[in-house]
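Remarks on the structure that follows.
The values are calculated or read from the model by the stated rules, or taken from the named source; none is laboratory data. Computed from a prediction, not measured in an experiment: that's the story for all the values here. No Cβ is skipped: glycine too gets one built from the backbone with ideal geometry, and neighbour counts run over all protein chains shown. Ligands, DNA and RNA are excluded from the accessible area calculation, which covers all protein heavy atoms including side chains. Shrake-Rupley method; radii C 1.70, N 1.55, O 1.52, S 1.80 Å.
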There are 2 protein chains.
Amino acid sequence: MGILKRRGGAGSSAPDEFVAGNGLLHRRALLGKGLALAGAAGTLGASMNGAGAEPLQDAEWSGHQGTTVEALGRRSRFEKDTVRILSNPKGEARTQHARVPHHLLNGTVTPNQLHFTILHNGIPDIDPEQHKMVIHGMVKQPLVFTLDKLMRYPMTTRKAFLECGGNSAPMFSNEPVQATLQHLHGLVSNAEWTGVLLSTLLDEAGVDPKASWLLAEGADTAALTRSIPLKKAWDDAMIVLYQNGERLMAEQGYPMRLLLPGWEGNMNVKYVRRIKITDQAAMTYYEARNYSPLLPDTTAYKFYFINEVKSFITHPSFGTTLKDPGYYEISGIAYSGTGRIERVMVSADGGKSWAEAAVEGPTTPKSFTRFHIPWRWDGSPAVITSRAIDDGGNIQPLRADFVAVRGQTLKPVTNTFGFASQHYNSLTSWGIDAKGEIKHVYV
Amino acid sequence: MGILKRRGGAGSSAPDEFVAGNGLLHRRALLGKGLALAGAAGTLGASMNGAGAEPLQDAEWSGHQGTTVEALGRRSRFEKDTVRILSNPKGEARTQHARVPHHLLNGTVTPNQLHFTILHNGIPDIDPEQHKMVIHGMVKQPLVFTLDKLMRYPMTTRKAFLECGGNSAPMFSNEPVQATLQHLHGLVSNAEWTGVLLSTLLDEAGVDPKASWLLAEGADTAALTRSIPLKKAWDDAMIVLYQNGERLMAEQGYPMRLLLPGWEGNMNVKYVRRIKITDQAAMTYYEARNYSPLLPDTTAYKFYFINEVKSFITHPSFGTTLKDPGYYEISGIAYSGTGRIERVMVSADGGKSWAEAAVEGPTTPKSFTRFHIPWRWDGSPAVITSRAIDDGGNIQPLRADFVAVRGQTLKPVTNTFGFASQHYNSLTSWGIDAKGEIKHVYV
């Protein structure tokens, strides 16, 4: 589990083991030790008087009956800012986005209430007893599935991230947009999904050997429809019914959605009601118009399915201030639509030198992986950034290389359409000044 | 990931491969295949007319704008019964329990809103800026930690189940209590926790080599206080700050709680404000009175820390009815407070014969593991049950063996105190009659 652990008492005096420039420490160094600790004692743990120190005084809340437990657990009122930001809070008749506050979260799970969502026509109110899903087209036996019937099939549980193709659109700006991770990368989430492998259902229907694509259609008003290579259906596509243990959230496709682990969000069709087996792509609105990124040379990607290897540092990040020099842990999220995260490199000197972060396991493919590395900030300006490598050897591209191919815009963009705004997977870097304030910078 | 997968079209005709009595199929059998499928086609997927079947007709919800996305995601209104049941819904001045609806969930994560909780004095409203935690007693350097300071330490993320020592108390009844899993086993949950290893903080304080225990105390009005062998602190104890990615729920110890993976719930002190290092157990109210289970021979366990290896079938289970004979998947949860789940055996004939279920990986120690096995129910009476084995070779005891040591009561008990009501880890069995109705039975 990537645990940092060492036995022994205060007073050991091993020096810090720096592994890269500007204070990066070995990923297995223990911070609370010997000299390293003594130097930071005033910061990390103010001493009390004497070894027999008495317990803390009772606080106000220690003296009376608390509030009542309810049928659904409650968050603390002090966490009221840990919510999604909305692009269309009045629900006007256009697309609605809800973005995840990654700078306030930790671990690898996105709680269901905070999972990102994008809906083109609001949240449909689907009666699960009435909903049906059809598999038809180039099959021996067309089938229709009610939820009741689907519930009897073999289930699989797996973790997978979901990311909008337009996540990180502001990163295409030629000047770094000064905003939190929630604004920059808030359209990606990670969850444990449970459902039926699509291959199990296709086996039952009997797919024509000449078939090569499927068309997936949602039951919401948008009837979002996407073409998907059949190979993905045989590989790891699922019809999911549960999200982090409970039935799908209403806005996540309740009662059933298509999950294509590692592939861009909109292809994971919510409220799925139809899988048509075909021998060609349908070139629907959402693939011919919306999700075909243009390139600087005026060509376009016809399809861009995979969310490629990517990482960003969540702690510390824009929106927080380092109060004092001394020890911090640099921590973040890495993921790859093609496999498992193999390694994450971190730099504290803007990419001049790199050190390998600890990666918390067990890592699972196409899922968030948490990385961290201890860091001693000496109080002078620093630039921290991360770069992930997956088990297929894919490396998160440096910004200059990425921009040379994919272009950038002359001013900040916040929409997810058009020129140079999709599938950003280059670095995210934070510049820390002598006051400990954090700015978004490019390296 | 324990994926059941097989390529090919309808029409293969391999016979069912039975691996134990009463219809249990090999855990890697695919249900949607050949003859097995054809026999079940009318049940599992009603055929449509012709291979070119048209899409489903639009439902009411496909024709208009849906509802608005909010800052916190919403569940479907059709899931209103997927909530916890409360022992004290008016919050009277006594203990409050909230139990998990395991029969309605799947996968391995308990969503934060549905995590079980027990509080003796309600939920305290703690200001995280004011809360402090002290480490003192037999240490070189007593320390006090604010949340701000704790946030700078190295963090670890791990999955762990939490279970009340009194979970499953109704299972001590000499007659099987007819109730859902929520009533029988609703005081156990599983989550991903992120926080600081207690060993890191103890290293900084410098523990006296003569010390052997610690006393952990909560800041709520109950000031729940428990003695914990110091060895557990060095092993895997954590001060946790995050639950499934977000800060701890108010009722789970916000802003910080002690986590002792695999050890009975009440020792995982919520709202922890004090860790006192000592050389003996304090014999507090919650260990001398409440959590010292009595045995039939009038002796008592002085301490009973570990929640031992256990499993139960969640699908199908009490509260559901099998509508038709044919294929079903038997699925459930297994966990062990001493390690990783190695194997789960399932019987469909009340324990006369057993087959090995598929265990979904990667398995992690002291955490929920989901198991499943395909089953062909022939419509005659059956008794399904499960038995887990952990990687230490510990086997979930048969009921007769368990009761011989631990006793049972003459009538159903629902409280968690006193004679024969704690740490039940024997089998849970479901009797299915010819109408498909499910009763709780003992085997």
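Take the residues of region B:349-390 that are among the charged types (D, E, K, R) and more than 26 Å from B:ASN307 (Cβ to Cβ): which is least open to solvent (accessible area, probe 1.4 Å)? In this case the residue turns out to be B:ASP349. Evaluated against (1) open to solvent by 10 Å² or more (accessible area, probe 1.4 Å); (2) over 20 Å from B:PHE371 (Cβ atoms); (3) within 8 Å of chain A (Cβ to nearest Cβ), B:THR108 falls short on exactly one condition, (2). Set side by side, the residues B:LEU241, B:LEU201, B:LEU259 differ, and just one is within 27 Å of B:GLN422 (Cβ to Cβ) and aliphatic (A, V, I, L, M), which is B:LEU259. Give the residue that is nearest to B:VAL69 (Cα to Cα), with candidates limited to residues of region A:258-277 that are of a type in the set (D, E, K, R) and open to solvent by 10 Å² or more (accessible area, probe 1.4 Å). Taking the candidates together, the pick is A:LYS270.
Residue-wise test of (1) part of a strand (DSSP E or B); (2) within 11 Å of chain A (Cβ to nearest Cβ); (3) not small (Gly, Ala, Ser).
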position: B:SER189; (1), (2), (3): yes, yes, no
position: B:TRP193; (1), (2), (3): yes, yes, yes
position: B:PRO209; (1), (2), (3): no, yes, yes
position: B:ALA223; (1), (2), (3): no, yes, no
position: B:MET283; (1), (2), (3): no, no, yes
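Within region A:205-255, being charged (D, E, K, R) and over 22 Å from A:GLU129 (Cβ atoms) holds for A:ASP208, A:LYS210, A:ARG226, A:LYS231, A:LYS232, A:ASP235, A:ASP236.
The rows are residues; the columns are (1) out of contact with any Pro (no Cβ under 6 Å at 6 or more places or on another chain); (2) on the phi > 0 side of the Ramachandran plot; (3) more than 7 Å from chain B (Cβ to nearest Cβ).
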position: A:GLY206; (1), (2), (3): yes, yes, no
position: A:ASP220; (1), (2), (3): no, no, no
position: A:ASP235; (1), (2), (3): yes, no, yes
position: A:ILE239; (1), (2), (3): yes, no, yes
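Just give me the residues in region B:199-244 being among the aliphatic types (A, V, I, L, M), more than 30 Å from A:GLU79 (Cβ to Cβ) and open to solvent by 20 Å² or more (accessible area, probe 1.4 Å), in sequence order.
Going residue by residue through region B:199-244, those that are among the aliphatic types (A, V, I, L, M) are B:201-202, B:205, B:207, B:211, B:214-216, B:219, B:222-224, B:228, B:230, B:233, B:237-241.
Those still in the list that are more than 30 Å from A:GLU79 (Cβ to Cβ) too: B:207, B:211, B:230.
Scanning region B:199-244 gives a single hit, B:VAL207.
Quick one: which of A:MET249, A:MET267 is under 30 Å from A:LEU105 (Cβ atoms), at pLDDT 90 or above and within 11 Å of chain B (Cβ to nearest Cβ)?
The conditions single out A:MET249.
For region B:324-348, a residue qualifies if it is more than 17 Å from B:GLY21 (Cα to Cα) and open to solvent by 30 Å² or more (accessible area, probe 1.4 Å), and the qualifying residues are B:ASP324, B:THR338, B:ARG340, B:GLU342, B:ARG343. Among the criteria (1) within 14 Å of chain B (Cβ to nearest Cβ); (2) out of contact with any helix residue (DSSP H, G or I) (no Cβ under 7 Å at 6 or more places or on another chain); (3) among the polar types (S, T, N, Q), the one A:THR314 does not fulfil is (2). Candidates in region B:111-153 are the residues that are of a type in the set (Asp, Glu) and either within 30 Å of A:TYR242 (Cβ to Cβ) or within 7 Å of another protein chain (Cβ to nearest Cβ) (or both); of these, the one that is most open to solvent (accessible area, probe 1.4 Å) is B:ASP125. Within region A:292-323, take every residue that is in contact with a Ser or Thr (Cβ under 8 Å, 6 or more places away or on another chain) and open to solvent by 70 Å² or more (accessible area, probe 1.4 Å) and give me the one that is nearest to A:SER227 (Cα to Cα). Looking at residues that are in contact with a Ser or Thr (Cβ under 8 Å, 6 or more places away or on another chain) and open to solvent by 70 Å² or more (accessible area, probe 1.4 Å), I get A:LYS302. Condition check for B:VAL383 on (1) in contact with an Asp or Glu (Cβ under 7 Å, 6 or more places away or on another chain); (2) part of a loop (DSSP other than H, G, I, E, B): one failure, at (2). When A:LEU259 is tested against (1) within 12 Å of chain B (Cβ to nearest Cβ); (2) modelled with pLDDT of 95 or more; (3) in contact with a Phe, Trp or Tyr (Cβ under 6 Å, 6 or more places away or on another chain), only condition (1) is not met.
Listed by first and then second residue, the pairs with beta-carbon distance under 7 Å, at least 6 apart or on different chains, first residue in region B:177-204 and polar (S, T, N, Q), second open to solvent by less than 10 Å² (accessible area, probe 1.4 Å) and assigned to a helix (DSSP H, G or I), are B:GLN182/B:HIS102; B:SER199/B:ALA233.
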